[in-house]
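Have a look at the structure below before the remarks.
The values are calculated or read from the model by the stated rules, or taken from the named source; none is laboratory data. Quantities reported herein were computed from a predicted structural model and do not represent experimental measurements. In this analysis, Cβ positions are derived from the backbone assuming ideal geometry, glycine residues included, and neighbour counts consider all displayed protein chains. Accessible surface is based on the protein model in full, side chains and every heavy atom, while ligands, DNA and RNA are left aside. Shrake-Rupley method; radii C 1.70, N 1.55, O 1.52, S 1.80 Å.
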Amino acid sequence: MLSIQSTKPQKCTPNLLPARINHNGPIDNTSQYWKPETDSKGTQHVHFRGRHLHGTVVPLPEKYTGAVLHVTDKQLPQSRSQTRAEGSGDEEEEEGVAEEIKIAEQVGEFEDMVVWGHGGQVDVGQDMFVRGLTEWVGFAESMHVDEEEDSGEKAT
């Protein structure tokens, strides 16, 4: 489980690339490898590893904000009530297995992202990342609907 702590995250725009890169970490001179340009029609283009990519800006749904997190090795201190066993039914057994809660620092936030595709702009309706985002949001909203809101909608 994670506990998200936010100080002052930077505004950023994530880029989803159709590539597998075996590197995880900073790059000294990013402009040498990544310099997207926008043409007169507003389409983004870039050549990356010899491939011509086309970028499509995809906004997040209303009321949602994306977060860039850095998971740390720090753990959230736990209170006595958090370590009790749930549903054991045994009053004598007060102490359960403590659940580890790591701290994640929010380093960035975003309202849209750029999805890059080969040979043309990404078809937003068919792209698996975009579909995954919209399907996940719909699923999450259906799981967290209040019963009062749900019954109020059916009554009208």
Search the stretch 52-78 for residues that are under 19 Å from Gln106 (Cβ atoms) and of a type in the set (Val, Ile, Thr) and pair each with any residue that is in a loop (DSSP other than H, G, I, E, B) and open to solvent by 80 Å² or more (accessible area, probe 1.4 Å) when their beta-carbon atoms are under 7 Å apart and the residues are at least 6 apart or on different chains. Thr65/Glu111
Looking at (1) within 15 Å of the chain's Cα centre (by Cα); (2) open to solvent by 60 Å² or more (accessible area, probe 1.4 Å), which one does Val68 not meet, given that it meets all the others? (2)
Take Asp90 and decide whether it is in a loop (DSSP other than H, G, I, E, B), among the charged types (D, E, K, R) and modelled with pLDDT under 85. yes
Of all residues in the stretch 1-45 being assigned to a strand (DSSP E or B) and in contact with a His (Cβ under 8 Å, 6 or more places away or on another chain), the one that is most open to solvent (accessible area, probe 1.4 Å): Glu37
